[in-house]
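The values are calculated or read from the model by the stated rules, or taken from the named source; none is laboratory data. All of these numbers come straight from a predicted model, not from anything done at the bench. Because the Cβ atoms are built from the backbone with ideal geometry, glycine has one as well, and the counts that use them run over all protein chains shown.
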Amino acid sequence: MMELKYGHASFVRFEEKHLMIQLSSELFTAGFWEAIKDWFQTKYGVPHWLSAPFRIMTEEEDEPNYPRWKQIGVDVLSWIIFHLLVPPDHRLVHLWQEVDWRAINRLCAPIYKNSESGQRAWAPAQMFAFLLLYFVLLVPSECELLRTVAIVPLYRWFCGFGLFTRLPDHSTLHDFRKNIGVERFEAILSLVVLRCIERGLVANDLLHFDMKGVPASARVWSPYERAVLLTAAMVKYLEQTEKDPQATLSEVLREQAAKVAIEVLGNKRLQRNEQAPSRILKSLDRWTRERQEANGQALWEMTLEQAVSTLLETEDDFTVPQTQMSRHRWLKEITQRLKDMLSHARGDSDARVGWVSNVAMKCGYWLGFLVDGLHGVITAVNVVPLDVGQLTQMMPALDVHRQRLNKYPRAVAADSAQDYFPVHKGLDERQIQGHIASRDRRTHGGGFSAGHFTFDEEGQLRCPADKILQAGKQGKDGRTPFRAQGSDCATCALKEKCLPKRQQPDGPRFIRLRLESHQRWLQNREHTQTEAYKKAQKKRFASEGLFGLASRLHGADKMPYRSHPMNHIAGLLIGTAMNLAVLLRQPALA
């Protein structure tokens, strides 16, 4: 036995199986010392708020086949330090109290099969607490999160772990996200939205829908690397279509595949370089050799093989055309289809390149929020690759909103990325008033755009000079051609401004329109002049600050995971964290 004494009648005694620490009450304030005594005199303060995580997060339901959770034993020293370092008025303490941890355990219970045998599992409530902290503390990775939680008593308390309890590792969090899946994280978001509704924080009157381009956590392939990947996919596809599996693809066909890959990618620098096809083939051989030497399969190669297999399954005839022109056309069609299926970034095969503004492109995902206008509660979250059109995302978000609230909103406001006929039609079918910013419809080659051509009361299309244009036969693409009288254009004072370059100098003016779509676009443009629209858009502009908060406070400036399903979960966790913040900010309404 060894004993070390300190001032204020404190000492540490080391015995064979025990460590004894004696602390003088003089070290603590009178109020705190009395609180400690009261705590231990009532069997660790049950039902004190400080003990809540250890009573609730691993609580087991008295139901048949209910899973068994690992029970966390908290030692006396942990209780004292929690008393010292977990302030009752801390934001995380209030945040913990807003989450229905029992409901999370019940939601996740069906995936666990350890009710009667096998090891006890980490409670889903505890795993969710880790993930919630990940999007609140803004640590760079889940590994760093666990290292941070390990040394901060407040964070250990939040997740229901004592100071000396072993924590799960990062693979446990990965397995939890994978096994729980997107649907259950959607259900957890629904629990929080329901609590917001109970507090009177959701009006379901005017909603706002916006999307933000978020880069992926992966390095984007350069145009040259994408050309090598595309050529590799084409070579593999052509090898699979050979009648003799042992035959080597001819060098001529390999070089033609490289040229077509450059053409389909459309990179001007590669197109100008005459040596690019041969360099691409050399890089392809080097990549293949390095992969074989590494005795493994890279993620990009797995994606490549999957794309080729998918394409082969849809093909019935594998005959390569013999003429040069028909072969080039056939290769270009196949290459275009492969291009759409190949990954755009190293490390994340689901991320895609897309325009996030008129001048900027990113490789990543769209993050979309459907937001109630009363207090900014997020009622639906969308996460899709950046090559997906924004116009396809509002209706699914509104349908998810309806599932959560049992009713569509009265109105929704959005930017001009939603000013398309399918969106307007979807809103009309759901009887939702749309306040959509008008999309600019400029024409190529100059001249007046489609917005200058309107319908009269009899349904006839008129030009800016109020002349009637004659309708032709509708084409296969759904567009109807309209043509003005030649004499009308030749003598028109507006012809220099109206006629595109190809229709100069005297016309006649020719334009092709989808009738129903153009009529609906004109109606929406007229609606943008109303006071109701202006009021709704003013409120939407205020709500757009949510994306700034999501980036600054919850890590939404970059996707944290490396697949679409996992990043969808990240979006749902960000939405959950932001809704919990609303609950903390807003008192319950009378």
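When you check GLY373 against the structure, is it surrounded by 15 or more Cβ atoms within 10 Å (Cβ to Cβ) and either out of contact with any strand residue (DSSP E or B) (no Cβ under 6 Å at 6 or more places or on another chain) or not assigned by TED's automatic domain parsing to the domain that holds VAL182 (or both), yes or no?
Judged against the criteria, GLY373 is a match.
Of the numbered conditions (1) under 24 Å from LYS538 (Cα atoms); (2) touching a residue at least 60 places away in the same chain (Cβ under 8 Å); (3) not basic (Lys, Arg), LEU391 fails exactly one; give the number of that condition.
Unmet for LEU391, out of (1) under 24 Å from LYS538 (Cα atoms); (2) touching a residue at least 60 places away in the same chain (Cβ under 8 Å); (3) not basic (Lys, Arg): (2).
Among the residues of segment 538-555, are any surrounded by 18 or more Cβ atoms within 10 Å (Cβ to Cβ) and under 21 Å from CYS143 (Cα atoms)?
There is at least one residue in segment 538-555 that is surrounded by 18 or more Cβ atoms within 10 Å (Cβ to Cβ) and under 21 Å from CYS143 (Cα atoms).
Give all pairs with beta carbons closer than 9 Å in which a residue from segment 324-344 that is under 13 Å from GLU263 (Cβ atoms) meets a residue that is outside any helix (DSSP H, G or I) and hydrophobic (A, V, I, L, M, F, W, C); count only pairs at least 6 apart in sequence or on separate chains.
LEU331/VAL320
Looking at VAL152, VAL139 in this structure, which one is over 30 Å from SER357 (Cα atoms), among the hydrophobic types (A, V, I, L, M, F, W, C) and either without any contact (Cβ under 8 Å) to a residue 60 or more places away in the chain or assigned by TED's automatic domain parsing to the domain that holds ASP75 (or both)?
Exactly one of VAL152, VAL139 is over 30 Å from SER357 (Cα atoms), among the hydrophobic types (A, V, I, L, M, F, W, C) and either without any contact (Cβ under 8 Å) to a residue 60 or more places away in the chain or assigned by TED's automatic domain parsing to the domain that holds ASP75 (or both), namely VAL152.
Given segment 427-518, what strands (runs of 3 or more DSSP E) lie entirely inside it while holding 1 or more residues that are over 38 Å from the mean Cα position of the chain (by Cα) and closer than 30 Å to ALA397 by Cβ?
Here the list is empty.
Return yes when ALA397 is in the same structural domain as CYS363 (by TED's automatic domain parsing) and surrounded by 19 or more Cβ atoms within 10 Å (Cβ to Cβ) and no when it is not.
Taking the combined requirement at face value, the residue satisfies it.
Inspect segment 192-207 for any residue being without any contact (Cβ under 8 Å) to a residue 60 or more places away in the chain, more than 25 Å from GLN393 (Cβ to Cβ) and touching a helix residue (DSSP H, G or I) at 6+ places or on another chain (Cβ under 7 Å) and give the result as yes or no.
No.
Over 23 Å from ILE569 (Cβ atoms), assigned to a helix (DSSP H, G or I) and not basic (Lys, Arg) - does that describe any residue in segment 57-67?
No; the residues of segment 57-67 include none that is over 23 Å from ILE569 (Cβ atoms), assigned to a helix (DSSP H, G or I) and not basic (Lys, Arg).
What are the pairs with Cβ atoms under 6 angstrom where one residue, in segment 479-498, is basic (Lys, Arg) and the other, located anywhere, is surrounded by 14 or more Cβ atoms within 10 Å (Cβ to Cβ)? Sequence gap at least six, or different chains.
Listed by first residue and then by second, the contacts come to ARG479/ARG512; ARG479/ARG514; ARG483/PRO508; ARG483/PHE510; LYS495/CYS489.
Report every pair of residues separated by at least 6 positions or lying on different chains whose Cβ atoms are under 7 Å apart, first residue within segment 419-430 and farther than 19 Å from ARG441 by Cβ, second in a helix (DSSP H, G or I).
GLY426/MET395; ARG430/LEU398
Inspect all residues belonging to segment 218-228 and state whether any of them is out of contact with any His (no Cβ under 6 Å at 6 or more places or on another chain), assigned to a strand (DSSP E or B), under 30 Å from LEU281 (Cα atoms) and of a type in the set (Lys, Arg).
yes
Could you please find all residues in segment 71-103 being among the small types (Gly, Ala, Ser) and surrounded by fewer than 17 Cβ atoms within 10 Å (Cβ to Cβ)?
Those that are among the small types (Gly, Ala, Ser) and surrounded by fewer than 17 Cβ atoms within 10 Å (Cβ to Cβ): GLY73, ALA103.
Which of the following residues is surrounded by fewer than 19 Cβ atoms within 10 Å (Cβ to Cβ) and modelled with pLDDT under 95: ARG402, ARG410, ARG442?
Checking each option against the conditions leaves just ARG442.
Could you grab the pairs with beta carbons closer than 6 Å, sequence gap of 6+ or different chains, first residue in segment 451-470 and farther than 21 Å from SER438 by Cα, second one polar (S, T, N, Q)?
ILE468/GLN460
Look through ARG337, ARG327, ARG291 and report the one residue that is over 17 Å from VAL228 (Cβ atoms), part of a helix (DSSP H, G or I), modelled with pLDDT under 80 and not hydroxyl-bearing (Ser, Thr, Tyr).
Sole residue among the options that is over 17 Å from VAL228 (Cβ atoms), part of a helix (DSSP H, G or I), modelled with pLDDT under 80 and not hydroxyl-bearing (Ser, Thr, Tyr): ARG327.
Take the conditions surrounded by fewer than 17 Cβ atoms within 10 Å (Cβ to Cβ), more than 18 Å from the chain's Cα centre (by Cα), over 29 Å from ARG147 (Cα atoms) and without any contact (Cβ under 8 Å) to a residue 40 or more places away in the chain and apply them to SER171. Does it pass? Walk me through it before giving the result.
Working: surrounded by fewer than 17 Cβ atoms within 10 Å (Cβ to Cβ): yes; more than 18 Å from the chain's Cα centre (by Cα): yes; over 29 Å from ARG147 (Cα atoms): no; without any contact (Cβ under 8 Å) to a residue 40 or more places away in the chain: yes.
Taking the combined requirement at face value, the residue does not satisfy it.
Being within 13 Å of ARG226 (Cα to Cα) and outside any helix (DSSP H, G or I) is the filter here; which residues of segment 252-288 pass it?
Correct list: GLY266, ASN267.
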